[in-house]
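To keep things clear, I will list the structure first and then write my remarks on it.
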Amino acid sequence: TPSLCAMVISKFGLRGDVLSFNLSGMGCGASLISVGLAKGLLQCRSFGGKALVVSTEVVTPNLYYGNERGFLMTNTLFRCGGAAIVLTD
């Protein structure tokens, strides 16, 4: 299965020299890391640029179906979602 990065690059026909990074397995904290990475890359460029940061959270595979209240709490606190932002220098 292609990564989310590869699917976005393919869907929108982006150039072959596009830099892409797939940060996964870090939960919602990866969003902050991604924005920091994009900022750092934009600051290093000597000419203008844009960065697209797409962040998703999918917790469905880890949904708890039991009856223990302590474990049910995570079902109410965490949900699936997504966001995107375009950054420029």
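Per-residue ellipticity at 222 nm computed for the chain from its helices equals -11000 deg cm²/dmol, with DSSP H segments shorter than 4 residues left out and the rest contributing -39,500 (n - 2.57). Placing unit charges on each Cβ (+1 for Lys and Arg, -1 for Asp and Glu) gives the chain a dipole about its Cα centre, and among Thr88, Ser24, Tyr65 the Cα reaching farthest toward its positive end belongs to Thr88. Based on the Cβ-Cβ distance of Ala84 and Tyr64, what FRET efficiency does E = 1/(1 + (r/R0)^6) give at R0 = 25 Å, to the nearest 0.05? For Ala84 and Tyr64, the calculated efficiency is 0.30.
Expressed per residue, the C-alpha convex hull volume of the chain stands at 109 Å³. Roughly how many Å is it from the Cα centre of segment 68-85 to that of segment 14-47, as a whole number? Rounded to whole Å, the Cα centres lie 25 Å apart. Computed from point charges on the beta carbon alone (+1 for Lys and Arg, -1 for Asp and Glu), the dipole magnitude for the chain about its Cα centre is near 160 Debye.
With the highest mean first, a sort of the peptides 74-82, 9-17, 35-43 on other beta-carbon atoms found within 10 angstrom per residue produces 35-43, 74-82, 9-17.
Rule-based calculations on the coordinates, nothing more; no lab input. Everything quoted here is computed from the prediction, not taken from an experiment. Note that we place each Cβ from the backbone using ideal geometry, even for glycine, and neighbour counts take in every protein chain shown.
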